[in-house]
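Heads up: the structure comes next, in structure tokens.
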Amino acid sequence: MKKINLLLVILFTTLLTGCTKEESVINDGVENETNKGTQMQLTVAIPENENPRSSTRVSLNSGDPETPLNVELTWKVGDKIYLIFSEGGIPKGKQTVELKSENITNDSKKANFSFTVPAGIGEPFDLYGVHGGGGFVDESSYTLKLPTAEQSTGRSLAELSNNNAVMLKFAQTGISKASPSVSVSFAHIGSLFRILLKSDGFDLINITKAELNSTSYIPVHQNLGSATYNPVTDIILGTTTKITLAFNNNNTPPLVIPDNSLTSTKPFEFWGWFIPEKNKNWPWLGLNVTYATGGNEMATRNFKEARTTPLAAGKAYHFYATHMKAEGLSTTTSDDTFLKFTNRAGTPDENTFTDTRDNNVYKIVLIGDQFWMKENLKYLPNDKINYPFDISIDNPSRIVNESSKFYYVYNHNSDDKAIAKNSDNYKNYGVLYNWLASQDQYVCPPGWRLPNNTDWSKLSTYLGGQDVAGGKLKLPIIYKTNTGATNTSDFTALLGGRLNAVPASDSPKGYNAVFDDLTEKGYWWSNSGYYEAWSLNDDDAALHRIETTDREMGYSVRCVRD
């Protein structure tokens, strides 16, 4: 996941000055408990920042969408600070401070107000403060409402700020009423998340939602409807974790953004505020965007790798993605496009894997929730490569022997492995494996495996069924024909042919072993049953299941990640 270094460091310096005067009524916008107490003065200061301020509450200003996140905080009339007084970990009083214009300095970076330590609070006492969220749960409660799911996401920072979505806290223990001053600092409870969508010339109309997704739980607190935060115990209740994290286009009045479309000249962004679970690493992440009246979905074909360190509160995390056409297409429609995560400059992230057995580097594609290699396997485990005359179709007993595993490169007719690996056919189409070689548990690298029929069927279903999936898998290279090829899956299938055993009466062995079907068909072994495979043809758009084939055939292998 792309992380902008601590761009969101927001520290408040709070100065409490004590006095001995007791008052029954406290002004300065303070909603007090009715019992008399000790009046004190609180000064909340925001550090200087060179960036221009925006006009939102606890101002959150990102500047130009192309730039990193810059955040400026200022106080606004109506901002609320919730105070809780505690002794020995037991809450004994609370107050709500609502800032008035006279409380805020001219530069809006400081606020001064009075508050009252309730009667009955001894000393030393502890003071807790929270800004943001929905306020106290009820009159008798010392817990505060977390922003709802709707309040936590939106089209802009201004919308989040208007919803009081960003929550801050401070805690100071051991305060003496006689102390002339006490300094504390506000800290972040959660983090900001931003999804910035760009277009490479292709529009998306009426975008309603973006959703980060994974196959594992994403470790952030998501409000079930009435989630709360207890600043005294620092405990959050009423949340859950899911395998999705939704950003909704709420367009909350009065901050409605009328245009909900992504175009080549106008990026589209979502913002969200969430509380990361402590000490939990994030899984890999994909992105789905919902658009159009019918709720169409578009997914990224690449992904953000799992993080090896937890997310931290008080930081901003950016996700950049571009709507682009499938590789190899010269013209396209909206049905021939997909999303890809990119860096800030718009260059697509390339997910790769290095096979440590031979240092071959493979590109990876995310299709649904499956990770596939974007290219055929090139692993050659032996010192020498096999060639057609090694096939012994007239001696089936060899199938049980280690020597019956064969590895070929299209049109290579010697046992020289170095020459084979230097050929264009090896580089473009990989290795052709006979059935027994493909079934070896070590044919795919560690962490990967030979796909079974369930994997192939799941892939086909995600792409719309076998009748059309083939076209979405094929790279649209100009062969004699290449019906329906769009590569909208980004699977990037090439029709790499096979090694075929062709019966021949004039051959001493009764057959001829030949390479055929290059650029006309592609074949891939399956790890299901005896001699099963899947294929693509140049003259149709289907993905075909071959339920029985000959074990001596040389087919390609695509690996899927465990």
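Miscellaneous remarks
- Cα-based convex hull volume of the stretch 376-561 per residue, rounded to whole Å³: 121 Å³
- Computed over the stretch 376-561, relative contact order equals 25 percent, with contacts defined as Cα pairs under 8 Å that lie 6+ residues apart.
- Estimated inter-spin distance, T481 and Y217, nm [label 7 Å along Cα→Cβ]: 5.3 nm
- A crude spin-label estimate for the pair T461 and S181, with each label 7 Å from Cα along the Cβ direction, gives 6.7 nm.
- In the stretch 191-354, the C-alpha radius of gyration followed by the widest Cα-Cα span (Dmax) gives 17.1, 61 angstrom.
- Stretching the chain fully between E297 and T208 yields a gain of 31.0 nm (0.36 nm per residue, less the alpha carbon separation).
- For the residue pairs K304/K384; K242/K315; K384/K458; K80/K266; K76/K315; K266/K304, alpha carbon separations beyond 30 Å are given by K304/K384; K384/K458; K80/K266.
- Cα shape, the stretch 280-359, gyration tensor, a/c 1.5 rule: oblate
- Taking the centroid of alpha carbons for each part, the stretch 75-99 and the stretch 484-556 are 72 Å apart.
- Summed side-chain charge close to Q370 - residues other than Q370 whose Cβ falls under 13 Å, Lys, Arg +1, Asp, Glu -1: +2
- Full extension of the chain between R545 and K242 gives 105.6 nm of extra length, using 0.36 nm per residue less the Cα-Cα distance.
- Here the contact order of the stretch 191-354, divided by its residue count and restricted to Cα pairs under 8 Å and six or more residues apart, works out to 31 percent.
- Applying 1/(1 + (r/R0)^6) with R0 = 25 Å to the Cβ-Cβ distance of A306 and R357 gives a FRET efficiency near 0.65.
- Nonlocal amide H pairs with K92, under 5 Å, H built at 1.01 Å: F85, S86, E87
- 3J(HN,Hα) along the stretch 349-366, derived from phi through the Karplus expression 6.51 cos²θ - 1.76 cosθ + 1.60 where θ = phi - 60°, amounts to 5, 10, 7, 9, 9, 9, 7, 5, 6, 9, 6, 5, 10, 10, 6, 10, 10, 9 Hz, with x in place of Gly and Pro.
- Cut-off 13 Å (backbone N to label point 7 Å along Cα→Cβ of Q41), residues of the stretch 173-192: 180-182
- Relative contact order of the stretch 95-243, defined on C-alpha pairs under 8 angstrom at six or more residues apart (%): 23 percent
- Under a 5 Å amide H cut-off, with hydrogens placed 1.01 Å from N, E520 pairs with G497 among residues at least 5 apart or on other chains.
- Modelled spin labels at A418 and N106, positioned 7 Å past Cα toward Cβ, are 8.1 nm from each other.
- Annotation for the stretch 507-562: chymotrypsin sites (Phe, Trp or Tyr not before Pro) lying in DSSP loop with at most 15 further Cβ atoms inside 10 Å of their Cβ are Y530.
- Among 117-125, 315-323, 364-372, the peptide with the highest mean count of other Cβ atoms within 10 Å heads the list, and the full ranking is 315-323, 364-372, 117-125.
- Potential lengthening between A345 and D562 on full extension [0.36 nm per residue; Cα-Cα distance subtracted]: 74.9 nm
- The separation of the stretch 272-288 from the stretch 298-317, counted between C-alpha centres, amounts to 6 Å.
Where a number appears in this text, it was derived from the coordinates with a stated rule and is not lab data. Being a predicted model, the structure only gives us computed values, none of them experimental. Counting neighbours? That spans all protein chains shown, and the Cβs are built from the backbone with ideal geometry, glycine included.
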